[in-house]
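Quick notes on the structure that follows.
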Amino acid sequence: MSHVKFEQRISLITLAASDLERAAGFYEALGWQRVPSPDGVIAFDLIGQTLGLYDRAALADDLGVPAESVGGFSGITLSHNVRSEADVAPLLTRAEEAGGRILRPAGEVFWGGFIGYFADLDGHIWEVAHNPFSKLSPKGEFRWEGY
């Protein structure tokens, strides 16, 4: 058995995109900036991770699965936590203006937070959330029990 530790980290989140430039334009409309990357991959450095966009057919080929099985709702959501409840609705609006689809408008949730959901251009589901029990660090880092 290997002694290499599987550290508690997600380094890269890759989303399948049916049209790379269109998908990148959506995230740029949210205010995100691309970083240099090889042809065929579009990357956005985040706080502590990177979001990668990769052609749907190419990703399916890499995975060895049919392209139609990649993307859409797979039981996974991506969450963008914010510093205050008042930040949730404007970010949902910005996502909608960029071409996203609101799945759940901003509102209170049973556990005491304030959330909303949107789908990006390829159907990947994002939660915009304010969790009063998980305050962000001054740099915007998230940790379950807060900073």
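Quick notes on this structure:
- Along the axis of the charge dipole computed for region 7-125 (Cβ charges of +1 for Lys and Arg, -1 for Asp and Glu, origin at the Cα centre), the listed residues S37, I13, I125 are led at the positive end by I125.
- Where both bridge residues fall in the chain, DSSP classifies roughly 65% of the beta bridges as antiparallel.
- With 0.36 nm allotted per residue and the present C-alpha distance subtracted, the R101-M1 stretch has 31.4 nm of extension available.
- Stokes-Einstein D in µm²/s, Kirkwood radius over Cα pairs - region 1-59 at 25 °C with 0.890 mPa s viscosity: 194 µm²/s
- Distance distribution note for the chain: the fraction of Cα pairs above 28 angstrom is 23%.
- Of all segments of the chain bounded by GluC sites (Glu not before Pro) found in a DSSP loop with no more than 15 other C-beta atoms within 10 Å, the longest spans 8-140.
- Measuring how big region 93-146 is from its alpha-carbon positions, Rg and Dmax come out at 12.6, 33 Å.
- Extending 7 Å from Cα along the Cβ direction at S37 and again at S137 yields two label points whose distance is 2.3 nm.
- A simple charge model with +1 on the Cβ of Lys and Arg, -1 on the Cβ of Asp and Glu and nothing else charged puts the dipole of region 1-59 at about 220 debye relative to its Cα centre.
- Gyration tensor (Cα) of region 51-128, equivalent ellipsoid semi-axes in angstrom: 28, 13, 10
- Between R22 and D62, the modelled labels are 2.1 nm apart [label points 7 Å from Cα along Cα→Cβ].
Every number in this text was worked out from the coordinates using simple rules, so none of it is lab data. Here the structure is a predicted model, which is why all the values come from computation and not from measurement. Backbone-built Cβ (ideal geometry, glycine too); neighbour counts: all protein chains shown.
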